[in-house]
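Take a look at the structure below.
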Amino acid sequence: MYVAVKGGEAAIANAHRLLADRRRGDRSVPTLRLDQIVEQLALGVDRVMSEGSLYDRELAALAIVQARGDMIEAIFLVRAYRTTLPRFGYTKAVDTGTMLVERRVSATYKDLPGGQVLGPTFDYTHRLLDPELAAGGDVAEPLQRESEAEAMPRVSAILAREGLIEPDGEMPQDHIPGDITREPLEFPMARDIRLQALSRGDEGFLLALGYSTQRGYARNHPFVGEVRIGEVDLELEVPELPFAVPLGTVRVTECQMVNQFKGSAKAPPQFTRGYGLVFGQSERKAMAMALCDRALRASELGEDVVAAAQDEEFVISHSDNVQATGFVEHLKLPHYVDFQAELDLVRRMRAEHEARENPAKVEEKREAAE
Amino acid sequence: MRGQEARDQAERKAIMATLAQSSVDDIARLWSEAGLPSEAELLRGPETGLVTVRGRIGGGGAPFNVGEATVTRATVRLPSGQVGHCYALGRDKRKARLAAIADALWQEPAHRETVETRLVAPLRAALVEARDRRRAETAATKVDFFTMVRGED
C-alpha cells in the first residue's frame, strides 16, 4: 500500500528563508559582489565552470555565492541552469598550439621552443599563511619583460620527430564526436566520449584515481610532457555567414602526459600519451584527467585491466559529482514507508531468529504476556 | 574581385572578433563619440544560448566535446535594409545588439570608415595593448637556465 503524506510546506518555506539569512551572514559585513569573486576567487570560479561544464564566469560566481561556497552545490546550480538554454551549435575545435600562453612548463625537456614559463603558479611557494594578505595591503604590479612573439609548439611535436611517441589520438574518418549531453552513456565507449566525461568529472575523484596509478594500481610511468594554460579563440560555423564567426576567447588548461610503454601484442615499445583539457586554470584537474585518460586506454593498448583506474565503467559512471551527490544525498529525504516495511521485516526475522536460537525463552515470554 | 571579396570577409571577421572581445561599456562610449546611428530593427534576439566547445584528442587529433559556453547573438536590419549579425561569448544582450548594428553599418559604404576608425580601431588598440602587457608579464616568469661549472677545468 502506498500512503501519500503531505506536510512541511511552512517548514520548507521558513527553512529557505533561514538559508537566505545565513547565506547573507552578519549584516554589518559588506555583501560580496560577483566581480570580487570572479577576480579574487578565480580558481574556485574555474572549478565551477569546469565541472559545471559551462564557461561563464559571472554565472559560476553567482552559483558560488548562492551555494555559500559549497562547490558541488554551485556546480549543481550551473548544470541546472545550462538545461534552460538552447544550443546554437558546436564550435570549431580549439587550437591549443596558438594559445596566448600564460603558463607553460615541461618536465621532459629543459630547453624547448618557447621555453619554460612559470606564470602565476603556487609552485615553489612555501605554503606559509600570509598575514599581510589578511591585512589587505597593496600588491605590487607584476614585472614585465620584452619578448618576441615566439611560437610554442606542443611538446608532443618534438617527440614525434623521432617517431618514438604515438600520434595525437585519431578516430575513424566518419566518426562524429559523441556527446554525453545528448546520448546516454554506453560501455565500452570511444575515447572522445570518455574525454568529455573526464573533462567535467570531479577533480577530487580523478585526482585520487590518478594518484592510485602512481602508487602502483595500473602503473604507467607518467611524465608531464607539458602543461599549458592560456586563452584560445573560439569560432562557430553558422549558416548566415560565409565564414566561421569568432566568439571571443576562453581560458583552458591542457596537459600532455607522456607515458613509457614497453610494448604489447598490439603496439611496439614507444611513449604513449594521456590527454587532459579543461576550462579555466585547473592544472591539477588537467593532470589527473590525463592520468585517467591513459589508464583507461588499457584495453586499446593491450594491457591487463587490473586496477580501478583502468575500469572504464567504474571510472566514468562515478566521475560526475552532480550524479554522485544526487544519489548519495537523496538518502536523507523521507523514506518513511520504505523504512516501515524494512522495520516490519527485521522484526519478523528477529522473532524467527530468536525462536530458532532459544525456543524455551520465547515460550516463557509468551506465557508471561498471557 | 574575388581577392577583394576575400579581403572584405577577412576584415569583417576581424571586426566581429574585436567587438566580441570588447566590453559593452567601451563599445557604447566610442559609439556615442563617433555619432554612429543606433536605429535598427531586431530580426532575431538578442538571445542567449550555448555552444559546445570542442578540443582535439592529444591537441591535434580527433575532435571531442569539452563543455558548453554561453553565447549571445543578435541579427538586426538597418532602416536602409542592411542586415548585420553578432555572436559573442557571454550574456550581454546590449552588446550583441550594438555589435550586430556595427556589422550592418560596416557593410554600408557610407559608414564603413567611421566604424573602422572611430569604433573598431580604438577597441582593437586596447585589446592589443592588454594582450602585449599580459605577454610581457608572462615573459618575466620565463626560466633562464645557466650551467654551474663544478671542479677545476
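The values are calculated or read from the model by the stated rules, or taken from the named source; none is laboratory data. Not measured: the values here are computed from a predicted model. Using ideal geometry, Cβ is built from the backbone for each residue, glycine included, and neighbour counts are taken over all protein chains shown.
Evaluated against (1) at pLDDT 90 or above; (2) under 27 Å from B:D132 (Cα atoms); (3) not acidic (D, E), A:R87 falls short on exactly one condition, (2). In region A:198-221, the residue that is farthest from the other protein chains (Cβ to nearest Cβ) out of those that are buried (at least 20 other Cβ atoms within 10 Å of the Cβ) and small (G, A, S) is A:A218.
Does at least one position in region B:32-45 carry a residue that is surrounded by 24 or more Cβ atoms within 10 Å (Cβ to Cβ), away from every other protein chain (no Cβ under 14 Å) and in contact (Cβ under 8 Å) with a residue 40 or more places away in the chain? Checked region B:32-45: no residue is surrounded by 24 or more Cβ atoms within 10 Å (Cβ to Cβ), away from every other protein chain (no Cβ under 14 Å) and in contact (Cβ under 8 Å) with a residue 40 or more places away in the chain. The set of residues in region B:13-49 that are under 30 Å from A:P153 (Cα atoms) and among the aliphatic types (A, V, I, L, M) comprises B:A14, B:I15, B:M16, B:A17, B:L19, B:A20.
Could you tell me whether any residue of region A:262-275 is within 11 Å of chain B (Cβ to nearest Cβ), part of a strand (DSSP E or B) and within 22 Å of A:T98 (Cβ to Cβ)? Taking every residue of region A:262-275 in turn, at least one turns out to be within 11 Å of chain B (Cβ to nearest Cβ), part of a strand (DSSP E or B) and within 22 Å of A:T98 (Cβ to Cβ).
Quick one: is A:E231 touching a strand residue (DSSP E or B) at 6+ places or on another chain (Cβ under 7 Å), more than 7 Å from chain B (Cβ to nearest Cβ) and among the charged types (D, E, K, R)? Reasoning before the result, please.
Working: touching a strand residue (DSSP E or B) at 6+ places or on another chain (Cβ under 7 Å): yes; more than 7 Å from chain B (Cβ to nearest Cβ): yes; among the charged types (D, E, K, R): yes.
For A:E231, the condition - touching a strand residue (DSSP E or B) at 6+ places or on another chain (Cβ under 7 Å), more than 7 Å from chain B (Cβ to nearest Cβ) and among the charged types (D, E, K, R) - is met.
Quick check on A:E39: is it acidic (D, E) and in contact (Cβ under 8 Å) with a residue 24 or more places away in the chain? Judged against the criteria, A:E39 is not a match. For region B:46-82, residues that are under 25 Å from A:L85 (Cβ atoms) and either away from chain A (no Cβ under 14 Å) or of a type in the set (F, W, Y) (or both) total 1. The condition (being touching a residue at least 40 places away in the same chain (Cβ under 8 Å), under 13 Å from A:E203 (Cα atoms) and β-branched (V, I, T)) is satisfied by just one residue among A:V315, A:V306: A:V315.
Just one of the listed residues (A:G44, A:G52, A:G8) is at positive phi and either out of contact with any strand residue (DSSP E or B) (no Cβ under 9 Å at 6 or more places or on another chain) or assigned by TED's automatic domain parsing to the domain that holds A:I75 (or both), namely A:G8.
A single entry from A:L247, A:L241 fulfils the requirement of being buried (at least 21 other Cβ atoms within 10 Å of the Cβ) and within 11 Å of another protein chain (Cβ to nearest Cβ): A:L247. Residues in region A:47-77 that are touching a residue at least 60 places away in the same chain (Cβ under 8 Å) and among the β-branched types (V, I, T) were compared, and the one that is farthest from A:D35 (Cα to Cα) is A:I72.
Restricting region A:96-126 to residues that are exposed (fewer than 15 other Cβ atoms within 10 Å of the Cβ) and among the charged types (D, E, K, R), the residue that is farthest from the other protein chains (Cβ to nearest Cβ) is A:D123.
One line per residue, one yes/no per condition, for (1) among the polar types (S, T, N, Q); (2) under 21 Å from A:L236 (Cβ atoms); (3) assigned to a loop (DSSP other than H, G, I, E, B):
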| position | (1), (2), (3) |
| --- | --- |
| B:N65 | yes, yes, no |
| B:L98 | no, yes, no |
| B:A104 | no, yes, no |
| B:V115 | no, no, no |
| B:R131 | no, no, no |
| B:M148 | no, no, yes |
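Can you tell me which residues in region A:139-177 are away from chain B (no Cβ under 11 Å) and surrounded by 13 or more Cβ atoms within 10 Å (Cβ to Cβ)?
From region A:139-177, those away from chain B (no Cβ under 11 Å) are A:139-140, A:151, A:158-159, A:161-164, A:174; that's our starting set.
A:I158, A:L159, listed by residue number.
Taken together, the residues in region A:287-311 that are buried (at least 20 other Cβ atoms within 10 Å of the Cβ) and assigned to a helix (DSSP H, G or I) amount to 11. Here B:S23 clears all of (1) within 18 Å of the chain's Cα centre (by Cα); (2) at the interface with chain A (Cβ under 8 Å from one of its Cβ atoms) except the condition numbered (2).
Of the listed requirements (1) at pLDDT below 95; (2) under 20 Å from B:P122 (Cα atoms); (3) within 11 Å of chain A (Cβ to nearest Cβ), B:A14 misses just one: (1).
Can you confirm whether B:R112 is surrounded by fewer than 24 Cβ atoms within 10 Å (Cβ to Cβ), in contact with a helix residue (DSSP H, G or I) (Cβ under 8 Å, 6 or more places away or on another chain) and under 30 Å from A:R79 (Cβ atoms)?
no
So that you can scan it fast, the table gives a plain yes or no per residue for (1) under 20 Å from A:M287 (Cβ atoms); (2) more than 17 Å from the chain's Cα centre (by Cα); (3) part of a loop (DSSP other than H, G, I, E, B); (4) not aliphatic (A, V, I, L, M):
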| position | (1), (2), (3), (4) |
| --- | --- |
| A:D168 | yes, yes, yes, yes |
| A:R182 | no, yes, yes, yes |
| A:G201 | yes, no, yes, yes |
| A:V224 | yes, yes, no, no |
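When region B:115-153 is filtered for residues that are surrounded by fewer than 17 Cβ atoms within 10 Å (Cβ to Cβ) and of a type in the set (V, I, T), the ones remaining, listed by number, are B:T117, B:V128, B:V143, B:T147, B:V149.
Report yes if A:G119 is in a loop (DSSP other than H, G, I, E, B) and touching a residue at least 24 places away in the same chain (Cβ under 8 Å), otherwise no. Here the answer is yes, as A:G119 does meet what is asked.
Restricting attention to region A:337-370, which residues are within 30 Å of A:K6 (Cα to Cα) and among the aliphatic types (A, V, I, L, M)? Reasoning before the result, please.
Our first condition is that a residue be within 30 Å of A:K6 (Cα to Cα); within region A:337-370, this holds for A:337-348.
Listed by number, the residues that qualify are A:V337, A:A341, A:L343, A:L345, A:V346.
Being within 30 Å of A:N321 (Cβ to Cβ), in a helix (DSSP H, G or I) and out of contact with any Gly (no Cβ under 6 Å at 6 or more places or on another chain) is a property that holds for A:A197.
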